[in-house]
Each structure stands twice: as structure tokens, then as C-alpha cells.
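Read through the structure below, which is laid out as C-alpha cells, and then see the notes.
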Amino acid sequence: MTMRTRHFKRSHLETYVSFPDFPRRFDWEVVNLSPTGCQVKGNLPLRPGDTVSCELTVPAFALDIRLTCRVAWICDSRHGLEFLDLPPGVKLRLAMALYAKKAA
């Protein structure tokens, strides 16, 4: 696994992720989140380098985002997902949701 420097701080926020392209529901827990990716824990059969569509929901900030992710790494049941097509305005809204909660 190649380690890369993170450009954004990871945050813990009630967030849900689902994978609409898979025929059945899989159980996932979002471990942490940033404006450029997230770490999830679950049982979906993915490999590093795979590209997958996902839906990210952040209830506290009424964010529902459909995006494409690349599986950056896998360790046991944890997966690092890199957001590939997040529009700049949505990335900004997500950053504000993540970091505003710390100031409140």
C-alpha cells in the first residue's frame, strides 16, 4: 500500500454511504470523512483501484451527494475511498459541514 499525504483533516460526522450499482444492500459504517474521501468499514467485495458509484448522505446538513469513488486502499474490512467527481461547490459545502460542527 502506498501512503500519501492527506490534504484535508478527517472528521467524524453522522454520515451514510450506499452503493446503488450493487443488487443487494450491504452494511457500511463511515469511519471518517473529508472533502476528498472517506474511510468506510463494511463487507462489499471491492479491490484497490476499483471505481464505484456511491451515494453519500450527511443528515445534519441535508447533503445528499451521488459521486464516483476510487478504492484507494483496503485493510481488513476497512476501505479508503477517494472522491473522483465531486463538483467544487459540493466539496465546499461538505467542508463547511465537516468543519463547522467543530466550531459550534
* Would it be correct to say that residue 68 is at pLDDT 90 or above, more than 14 Å from residue 87 (Cα to Cα) and either surrounded by fewer than 16 Cβ atoms within 10 Å (Cβ to Cβ) or aliphatic (A, V, I, L, M) (or both)? -> no
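For the stretch 26-48, name all the residues that are more than 10 Å from residue 81 (Cα to Cα) and among the small types (Gly, Ala, Ser).
Restricting attention to the stretch 26-48, the residues satisfying the condition of being more than 10 Å from residue 81 (Cα to Cα) are 26-32, 34-35, 41-47.
Of everything in the stretch 26-48, those that are more than 10 Å from residue 81 (Cα to Cα) and among the small types (Gly, Ala, Ser) turn out to be 34, 42.
Residue by residue, here is whether (1) more than 25 Å from residue 99 (Cα to Cα); (2) not acidic (Asp, Glu) holds:
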residue: 41; (1), (2): no, yes
residue: 54; (1), (2): no, yes
residue: 59; (1), (2): no, yes
residue: 64; (1), (2): no, no
residue: 71; (1), (2): no, yes
residue: 74; (1), (2): yes, yes
residue: 81; (1), (2): no, yes
* Limited to the stretch 35-55, what total is found for residues that are hydrophobic (A, V, I, L, M, F, W, C) and under 12 Å from residue 73 (Cα atoms)? -> 3
* Residue by residue through the stretch 47-64, note down the ones that are surrounded by 11 or more Cβ atoms within 10 Å (Cβ to Cβ), modelled with pLDDT of 85 or more and under 16 Å from residue 21 (Cα atoms). => 50, 51, 52, 53, 54, 55
* Structure fact -> Taking the stretch 22-48 and keeping only residues that are touching a Lys or Arg at 6+ places or on another chain (Cβ under 7 Å) and assigned to a loop (DSSP other than H, G, I, E, B), one is left with 35
* Asked: Restricting the first residue to the stretch 66-87 and requiring it to be under 13 Å from residue 56 (Cβ atoms) and among the aromatic types (Phe, Trp, Tyr), which pairs with a second residue that is part of a loop (DSSP other than H, G, I, E, B) and modelled with pLDDT under 95 meet a Cβ separation below 7 Å and a spacing of at least six or different chains?
  -> 83/36
* Sort out which residues of the stretch 79-97 are of a type in the set (Val, Ile, Thr) and over 14 Å from the mean Cα position of the chain (by Cα), and write them in order of number. => none
* Residue list for the stretch 65-87, restricted to those being touching a helix residue (DSSP H, G or I) at 6+ places or on another chain (Cβ under 9 Å) and either of a type in the set (Lys, Arg) or over 14 Å from residue 18 (Cβ atoms) (or both) -> 83, 86
* Structure fact -> Considering residues that are surrounded by 12 or more Cβ atoms within 10 Å (Cβ to Cβ), in a strand (DSSP E or B) and not aromatic (Phe, Trp, Tyr), the number found within the stretch 74-92 is 6
* Structure fact -> Scanning the stretch 8-25 residue by residue, the ones that are modelled with pLDDT under 75, within 15 Å of the chain's Cα centre (by Cα) and over 16 Å from residue 59 (Cα atoms) total 3
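The values are calculated or read from the model by the stated rules, or taken from the named source; none is laboratory data. Keep in mind the model is a prediction, meaning the values are calculated, not measured. With ideal geometry, Cβ positions are generated from the backbone for all residues, glycine too; neighbour counts draw on all protein chains shown.
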